[in-house]
Amino acid sequence: MNILVINCGSSSLKFQLIDSKAEEVLAKGLCERIGIEGSRLVYEPENGEKEVTEAPMPNHTQAVKMVLDALINEKTGVIKSLDEVGAVGHRIVHGGEKFASSTIITDEVIEAIKECNELAPLHNPANLIGIDACKENMPNTPMVGVFDTAFHQTMPEKAYLYGLPYEYYEKYKIRRYGFHGTSHSYVSKKVADILGKPYDNLKTIVCHLGNGASVCAVKDGKSVDTSMGLTPLEGLIMGTRSGDIDPAIIEFIAHKEKLSIDEVMNVLNKKSGVFGLTGKTSDFRDIMAAKDAGDERAEHTLNVYCYRVAKYIGAYVAAMNGVDAIAFTAGLGENNGYVRKTVCEYLGYLGVEIDDAQNDKRGEDIIISTDNSKVKVLVVPTNEELKIARETLELVSKN
Ligand code: ADP
């Protein structure tokens, strides 16, 4: 069955059409600047040239229509008709406490997702628009929602409660939810497969290091703690997000810089992280180049970044009372050997030993620890779209 995976943002829509039997991508791409002047579709069929089509996309319905037209286009399409799309899998950012697993999308489910909008005001409404747009264009095709938060619903109360008045949890559901669940779940399972160990008897720490970044402790196949919280702002230092700070800093900056709460939050989300620390860039390729050219601030930024990752790993070793494997994934985790090595240098006490030659390699699923290392360290490229396609297939086949 071919499954269309949709990841819908407020002005963008990423897609992949996946042949779920062969687990192959037939076509992928994205619509950019939806509802804004200069919108365009980037479409890349398997074994074909990448095509960019500039065309007005006043709304997401039009964007989905353009994607579907591209998929069935006589020359560059990869399927003959939309009947060949068996189901649509939607990435949905926040499922609150309502969704502990993926689900077939029904009218009731849409209402329940809407109730989570308050928890992810930037993302969930956009995800819902994507669902509506697909419904309009393919009214009879089953759809599945796959939530970023669902994998973490197994966290115990001691990991998800904050030290705040309990009534805030009761009234507003303020608690740790965690994100990147699709990636943490995919990567931790892959680690078990690569090592040939049972997933339900393994302690793994997954470091998803992209622009957004989070660490997750996976014990016996279940997420038991993760670094992002109520929102994706908590935890690691990220591209432009601060991660953990003393909450009193918010008031302090507001007074000193004469900013409103919204403005301070904007600083923490968009102007902090490694972007804020370097004062120049959120891209680690630029930061590495600057460090190599002798830029001290770039070097300090890398130190602060890696130290925070290492501290979280240490915390999760404690949370699980041990660790068997540590995996790095996402743009930075997959491509930056310097960050991996620097993080692992803090972990000598665990018996972690990195094989430098392995750590310099690029590609799929590499074990970068030495044979003697007490904890296995791996690089596992994440594949959230494939995971969404798998979950979608499983649910659609059952119903
Ligand atoms: P997002 O969270 O936006 O999906 P990514 O997973 O693409 O982010 O990660 C972005 C980060 O990964 C950037 O800092 C970038 O420098 C780094 N990165 C991505 N690809 C490479 C690469 N080929 N080599 C080095 N760094 C890379």
Do any residues in segment 276-288 that are of a type in the set (Gly, Ala, Ser) have Cβ atoms under 9 Å from those of residues that are open to solvent by 50 Å² or more (accessible area, probe 1.4 Å) and more than 7 Å from the ligand (Cβ to nearest atom), where the two are at least six apart or on different chains, and which pairs are they?
GLY279/ARG297; SER282/PHE275
Restricting to segment 280-290, and then to whatever is open to solvent by 40 Å² or more (accessible area, probe 1.4 Å) and over 17 Å from ALA213 (Cα atoms), can you tell me which residue is farthest from the ligand (Cβ to nearest atom)?
LYS280
Residues satisfying the stated conditions in segment 245-279, i.e. under 21 Å from SER227 (Cα atoms) and either within 16 Å of the ligand (Cβ to nearest atom) or part of a loop (DSSP other than H, G, I, E, B) (or both)
ILE245, ASP246, PRO247, ASN269, LYS270, LYS271, SER272, GLY273, VAL274, PHE275, GLY276, LEU277
Looking only at residues in segment 188-211 that are away from the ligand (no atom under 16 Å from the Cβ), of a type in the set (A, V, I, L, M) and buried (at least 24 other Cβ atoms within 10 Å of the Cβ), which one is farthest from LEU350 (Cα to Cα)?
VAL191
Which of the strands (runs of 3 or more DSSP E) found entirely inside segment 1-75 contain at least 1 residues meeting this: under 20 Å from THR182 (Cβ atoms) and among the β-branched types (Val, Ile, Thr)?
2-8, 13-19, 24-32
On the basis of being among the β-branched types (Val, Ile, Thr), within 15 Å of the chain's Cα centre (by Cα) and either open to solvent by less than 60 Å² (accessible area, probe 1.4 Å) or on the phi < 0 side of the Ramachandran plot (or both), does VAL264 make the cut?
no
Is one or more of the residues making up segment 27-42 under 21 Å from GLY86 (Cβ atoms), modelled with pLDDT of 95 or more and of a type in the set (Lys, Arg)?
yes
Of everything in segment 49-76 that's among the small types (Gly, Ala, Ser) and under 24 Å from LYS387 (Cα atoms), which residue is surrounded by the most Cβ atoms within 10 Å (Cβ to Cβ)?
ALA63
So is ARG297 open to solvent by less than 50 Å² (accessible area, probe 1.4 Å), charged (D, E, K, R) and assigned to a helix (DSSP H, G or I) or not?
no
Checking SER242, SER185, SER214 in turn, the sole residue that is open to solvent by less than 60 Å² (accessible area, probe 1.4 Å), within 15 Å of the ligand (Cβ to nearest atom) and either in a loop (DSSP other than H, G, I, E, B) or among the small types (Gly, Ala, Ser) (or both) turns out to be SER214
Within segment 352-372, residues farther than 23 Å from ASP193 by Cβ and small (Gly, Ala, Ser) come out as ALA357
Pairs, first closer than 17 Å to GLU384 by Cα in segment 134-151, second of a type outside the set (Ser, Thr, Tyr) and surrounded by fewer than 18 Cβ atoms within 10 Å (Cβ to Cβ), C-beta under 7 Å, six or more apart
VAL144/ILE104; ALA150/ALA100
Every residue from segment 217-226 that is under 14 Å from TYR186 (Cβ atoms) and either near the ligand (Cβ under 10 Å from one of its atoms) or open to solvent by 10 Å² or more (accessible area, probe 1.4 Å) (or both)
GLY221
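The values are calculated or read from the model by the stated rules, or taken from the named source; none is laboratory data. Please read these numbers as outputs of a predicted model, since none were measured by experiment. Note that each Cβ is placed from the backbone with ideal geometry, even for glycine, and that neighbours are counted across all protein chains shown. These area figures cover heavy atoms from the full protein model, side chains too; ligands, DNA and RNA do not enter into them. Shrake-Rupley method; radii C 1.70, N 1.55, O 1.52, S 1.80 Å.
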